[in-house]
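Enquirer: My questions all concern the structure below.
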There are 2 protein chains.
Amino acid sequence: MSLPAKSTSPAVILTGDRPTGPLHLGHYVGSLRNRVTYQHDYKQYIMLADSQALTDNMDDTGKVHRNVVEVALDYLAVGIDPTKSTILIQSQIPELAELTFYYLNLVTVARLERNPTVKAEIVLRGFERDIPAGFLTYPASQAADITAFKAALVPVGEDQIPMIEQTNEIVRRFNRIANRDILVECKALVPEIGRLPGIDGKAKMSKSLGNTINLGASAAEITAAVKKVYTDPLHLRVEDPGHLEGNVAFIYLDAFDPDQAALAEMKAHYVRGGLGDSVVKKRLELVLQEMLAPIRARREELAKDRGYIMQVLKDGTAAAREVAARTADEVKAALGLSYF
Amino acid sequence: MSLPAKSTSPAVILTGDRPTGPLHLGHYVGSLRNRVTYQHDYKQYIMLADSQALTDNMDDTGKVHRNVVEVALDYLAVGIDPTKSTILIQSQIPELAELTFYYLNLVTVARLERNPTVKAEIVLRGFERDIPAGFLTYPASQAADITAFKAALVPVGEDQIPMIEQTNEIVRRFNRIANRDILVECKALVPEIGRLPGIDGKAKMSKSLGNTINLGASAAEITAAVKKVYTDPLHLRVEDPGHLEGNVAFIYLDAFDPDQAALAEMKAHYVRGGLGDSVVKKRLELVLQEMLAPIRARREELAKDRGYIMQVLKDGTAAAREVAARTADEVKAALGLSYF
């Protein structure tokens, strides 16, 4: 009798978004595009982090609820395939809260307060002394999300690497208590292309700064946004030499223009002078319109069938919950919390 | 057609213990005796707070596991009736962790750090800067336990009143967000008889101080403990006047002697002189032996049938979980976290 060859299961990825607004080009470059690739080679869980979004949105819970479906639409529109990736809603998996609850015992308050990501975000949100406990402790929640699915890879920006370290500290401490390797350590998967600046040239494209181009933007919105794209303030006359550094039009073309050879020529022309911003922006508009038109069309089509979207979310969440529940059972058993 | 008179449901009580050791006379006076009474007039939930016990026992999870059954035995032995009271195991109700998770967004870190009970317990446990996050945040977990069952009354010592205030702050904040009264404010039910001192005269009877008389103590253990009971260090000769203040033998007799008239005479005699400690201790031993003998007998009998104890815990936990799950659903719906 011959046994079938032992299959090696693909590595698990956990990724996701806080559903607080529609996704934009920054998300597309930083994560969505990669997820469409990853889903072929990895077991990918994509989490709609609605519970986590509440940590600083308790005053607008409706926004979080609404955006769960909007973000799911963005996912499917860009080509995330629910038969390949598992899309889940965080709040609908109580085991994630349960794991968070136990992990809170594995991290000290002082350690959370020292977490650079948390520190930076506390400043960003202007909490000062009124930090919600749920915000300070969200690294434990992230650790729960990551470890529930035994994710080995977590795509994050550079600024999130301390969160991965914090997760691995919890993993190691837990495994030491359990006296065996129940939880899995994870690695950050930092994308090659970094953060996309906003159309105004600010370092971060962000809904709250009003400098985004959303994935679902209409043709007219794209046109209007490209008009406002920050270029080179010193490039006053067409014949002047232009600068590429900080020039958002070229940064976007770098990220999205499918004809990178023509782009290289255009850049050279711009730098030596004689190429006006209007030509560059015309190219940018063409590239963005062509890239976003099919996404918008799929998004509009999908939006008509809310039943389908909800079914995708329900199925994905149910599949994810099974996995998370298994981990929660292992964790609780290792802590002596199983009785019946 | 006449309708039956509208029944008013009895007020809900939530109470419980951290299962970190066998219960003793201090628990009996401070809470167990009252619970036996309350169960006739209230809907009483008694929680074995195993998850909470872990917040400062992650280094000895086995202890917590073992003591769940030991404490349940103590409950049944003193007359807590599982057909009248609902005995539940905290960790087996994931909805309690879920509620905790959301309540963490309703309380600031600064507020938790100001909580006098938490502050005192941090000092007591010698955490200094290494406070586990789960310990600092346990008021949110207590709020979850209390509100999950919509408890209106919570029997606690004076020192726990700040925890009740913290719970009510969370309740009010949540109800304001929900825009209706989903959660119920609670009141502390402070017992008339305060804390019982240890046999050594220290203010608190506590396992870690080694000054307890356990409810399951053997006759020989009771005898030995009574011998060590602290009396009046100035009462050197029988004919000397004795002092009642701080005299543990008399404090225990006050708490347990069924013949309070005879006790009053004995006290008078002791104070005017001519009554030796040995006579007082003899009476105390008789009272304790008579009180604890039936408890010990029931405890030993029950301990033989572990299957029954586990069934009591299973049934109580299942019944409690239904109630907690209903509350968690209401809470999540009010936060916009229901989709399907």
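What follows is calculated from the coordinates using simple rules that are stated; it is not laboratory data. Just so we're clear, the structure is a prediction, and the values are computed from it rather than from any experiment. All Cβ positions, even for glycine, are placed from backbone atoms using ideal geometry, and neighbour counts span all protein chains on display.
Enquirer: When DSSP assigns beta bridges and you keep just the ones with both residues in the protein assembly as shown, what percent turn out antiparallel, to the nearest 5? Numbers along the way, then the final one.
Expert: Details: 4 of 34 bridges.
In the protein assembly as shown, DSSP labels about 10 percent of beta bridges as antiparallel.
Enquirer: If we count every other residue with Cβ under 11 angstrom of B:Asn67's Cβ, Lys/Arg +1 and Asp/Glu -1, where does the sum land? If you can, show how the numbers build up before the last one.
Expert: Details: positive: B:Arg18, B:Lys63, B:Arg66, B:Lys207; negative: B:Asp17, B:Asp50, B:Asp60, B:Glu70, B:Asp74.
After counting each charged neighbour, the total is -1.
Enquirer: Spin-label point model (7 Å from Cα, Cβ direction): what's the B:Asp200 to A:Thr37 distance in nm?
Expert: 6.7
Enquirer: Non-local amide H neighbours of B:Gln44 (under 5 Å, H modeled in plane, Pro and chain starts lacking H): which ones?
Expert: Distant-sequence amide H within range of B:Gln44: B:Ile13, B:Thr86.
Enquirer: What 222 nm value per residue comes from the helices of chain B, counting each DSSP H run with n ≥ 4 as -39,500 (n - 2.57) and dividing by all residues, nearest 500 deg cm²/dmol? List each step's numbers first, then the result.
Expert: On the way: 14 runs with 178 residues, N = 340.
Taking each H run of at least 4 residues, the total per residue is -16500 deg cm²/dmol.
Enquirer: Just to check I understand the Karplus step: with θ = phi - 60° and J = 6.51 cos²θ - 1.76 cosθ + 1.60, what whole-Hz values come out for the stretch B:90-95, glycine and proline as x?
Expert: My calculation for the stretch B:90-95 gives 3, 5, 8, 10, x, 4 Hz in order.
Enquirer: Continuing with this model, one more query. Going by the alpha-carbon gyration tensor, a ≥ b ≥ c the square roots of its eigenvalues, is the stretch A:250-340 rounded (a/c under 1.5) or, if a/c is not under 1.5, prolate (a/b greater than b/c) versus oblate? Walk me through the numbers before you get to the answer.
Expert: Values: a/c = 6.64, a/b = 2.39, b/c = 2.78.
Oblate, because a/c is 1.5 or more while a/b does not exceed b/c.
Enquirer: Lys/Arg Cβ at +1, Asp/Glu Cβ at -1, dipole of the stretch A:216-301 taken about the Cα centre: which of A:Thr223, A:Gln289, A:Val248 is farthest positive-ward?
Expert: Going by the charge dipole, the pick is A:Thr223.
Enquirer: Another question, then. Name the residues whose placed amide hydrogens come within less than 5 Å of the amide hydrogen of A:Gly274, ignoring near sequence neighbours (fewer than 5 apart) on the same chain.
Expert: A:Glu239, A:Asp240
Enquirer: Shifting gears a bit: Between the DSSP loop rule and a limit of at most 16 other Cβ atoms within 10 Å, which GluC sites (Glu not before Pro) in the stretch A:227-289 are left?
Expert: Of the GluC sites (Glu not before Pro), the ones in loops of the stretch A:227-289 whose Cβ has at most 16 other Cβ atoms within 10 Å are A:Glu239, A:Glu245.
Enquirer: What list of ³J(HN,Hα) couplings, whole Hz, do you get for the stretch B:10-26 from phi and the Karplus terms 6.51, -1.76, 1.60, once you set θ to phi - 60° and write x for glycine and proline?
Expert: With coefficients 6.51, -1.76 and 1.60, one gets x, 4, 9, 10, 10, 8, x, 9, 7, x, 10, x, x, 7, 10, 4, x Hz.
Enquirer: Here's another thing I want to ask about it. Using +1 at the Cβ of each Lys and Arg and -1 at the Cβ of each Asp and Glu in chain A, identify which of A:Ile199, A:Val271, A:Leu88 lies farthest towards the dipole's positive end.
Expert: It is A:Leu88.
Enquirer: Please work out how many pairs of lysine residues in the stretch A:192-322 are eight or more positions apart (or on different chains) and have Cα atoms closer than 29 angstrom.
Expert: Step by step, the pairs that qualify in the stretch A:192-322 add up to 25.
Enquirer: Same structure again: Put a label point 7 Å from Cα along the Cβ direction on B:Val279, then list its distances to the equivalent points in the other copies in nm, shortest first.
Expert: Computed spacing set for this position: 11.7 nm.
Enquirer: First select every other residue whose beta carbon is under 13 angstrom from the beta carbon of B:Gln260; then total the charges, Lys and Arg +1, Asp and Glu -1. Display every interim value, and only then the final one.
Expert: Numbers: positive: B:Lys267, B:Arg283; negative: B:Asp254, B:Asp257, B:Asp259, B:Glu265.
Residues close to B:Gln260 contribute a combined charge of -2.
Enquirer: Using θ = phi - 60° and the Karplus curve 6.51 cos²θ - 1.76 cosθ + 1.60, what whole-Hz ³J(HN,Hα) does each residue of the stretch A:252-268 get, with Gly and Pro shown as x?
Expert: With coefficients 6.51, -1.76 and 1.60, one gets 5, 5, 3, 6, 10, 5, x, 9, 6, 5, 4, 4, 4, 4, 4, 4, 4 Hz.
Enquirer: What angle do you read, to the nearest 10 degrees and between 0 and 90, between the alpha-carbon axis of helix B:161-178 and the longest principal axis of chain B?
Expert: The angle comes out near 10 degrees.
Enquirer: Could you work out the relative contact order of the stretch B:216-301? I mean the mean sequence separation of Cα pairs under 8 Å and 6+ apart, divided by the number of residues, in percent.
Expert: On the way: 85 pairs, mean separation 32.9, N = 86.
This gives 38 percent for the stretch B:216-301.
Enquirer: So how long is each side of chain B along the principal axes, counting just the alpha-carbon atoms, biggest first, in Å?
Expert: Projected onto the principal axes, the Cα atoms of chain B cover 79, 59, 42 Å.
Enquirer: Once the cut-off is 23 Å, how many percent of the Cα-Cα pairs in the stretch A:216-301 end up in the long-distance tail?
Expert: Working: 857 of 3655 pairs.
Counting pairs separated by more than 23 Å, the tail of P(r) holds 23 percent.
Enquirer: What percentages make up the Cα-Cα pair-distance distribution of the protein assembly as shown when the bins are 20 Å wide from 0?
Expert: 16, 40, 26, 12, 5, 1
Enquirer: A further question on this structure: Among DSSP bridges having both ends in chain A, what percentage is antiparallel? Round to the nearest 5. Please report the intermediate quantities before stating the final value.
Expert: On the way: 1 of 16 bridges.
In chain A, approximately 5 percent of DSSP beta bridges are antiparallel ones.
Enquirer: With a cut-off of 8 Å between alpha carbons and a minimum separation of six or more residues, what is the relative contact order of chain B in percent? Before the final figure, lay out the partial values.
Expert: Numbers: 489 pairs, mean separation 72.3, N = 340.
About 21 percent, as a whole number.
Enquirer: Sticking with this structure for a sec: Between B:Glu301 and B:Thr223, what is the spin-label point distance in nm, taking each point 7 Å from the Cα along the Cα→C-beta axis?
Expert: A separation of 2.5 nm, rounded to one decimal place.
Enquirer: Below 10 angstrom from the Cβ of A:Lys43, what's the summed charge of the other residues (Lys, Arg +1; Asp, Glu -1)?
Expert: Details: positive: A:Lys84, A:Lys150; negative: A:Asp41.
In short, +1.
Enquirer: If you consider only alpha-carbon coordinates, what radius of gyration and Dmax does the stretch B:1-99 have, in Å?
Expert: Reported Rg and Dmax, both Å: 16.0, 64.
Enquirer: On to the next question. When the chain is fully extended, how far beyond the present Cα-Cα distance does A:Gln311 get from A:Val271, taking 0.36 nm per residue of separation?
Expert: Length gained, A:Gln311 through A:Val271: 9.2 nm.
Enquirer: Separate question: For the stretch A:1-107, which trypsin sites (Lys or Arg not before Pro) are in a loop by DSSP, counting at most 13 other Cβ atoms within 10 Å?
Expert: Working: sites: A:Lys6, A:Arg33, A:Arg35, A:Lys43, A:Lys63, A:Arg66, A:Lys84; in loops: A:Lys6, A:Lys84.
For trypsin sites (Lys or Arg not before Pro) across the stretch A:1-107 that sit outside H, G, I, E and B with at most 13 neighbouring Cβ atoms in 10 Å, the list reads A:Lys6.
Enquirer: If each of B:Arg173 and B:Ala120 carries a label point 7 Å out from its Cα toward its Cβ, how far apart are those two points in nm?
Expert: Label-label distance for B:Arg173 and B:Ala120, simple model: 2.3 nm.
Enquirer: Which cross-chain or sequence-distant (5 or more) residues have an amide H under 5 Å from the amide H of A:His24, H modelled 1.01 Å from N in plane?
Expert: A:Leu215
Enquirer: Taking the Cα centre of chain B as origin, work out the dipole magnitude from +1 charges on Lys and Arg Cβ and -1 charges on Asp and Glu Cβ, in debye rounded to 20.
Expert: Values: 40 positive and 43 negative charges, 85 e Å.
About 420 debye.
Enquirer: Just tell me which lysines come within less than 18 Å, Cα to Cα, of B:Lys150; anything on the same chain fewer than 8 places away is out.
Expert: By straight Cα distance, B:Lys150 reaches B:Lys43, B:Lys84, B:Lys187, B:Lys332.
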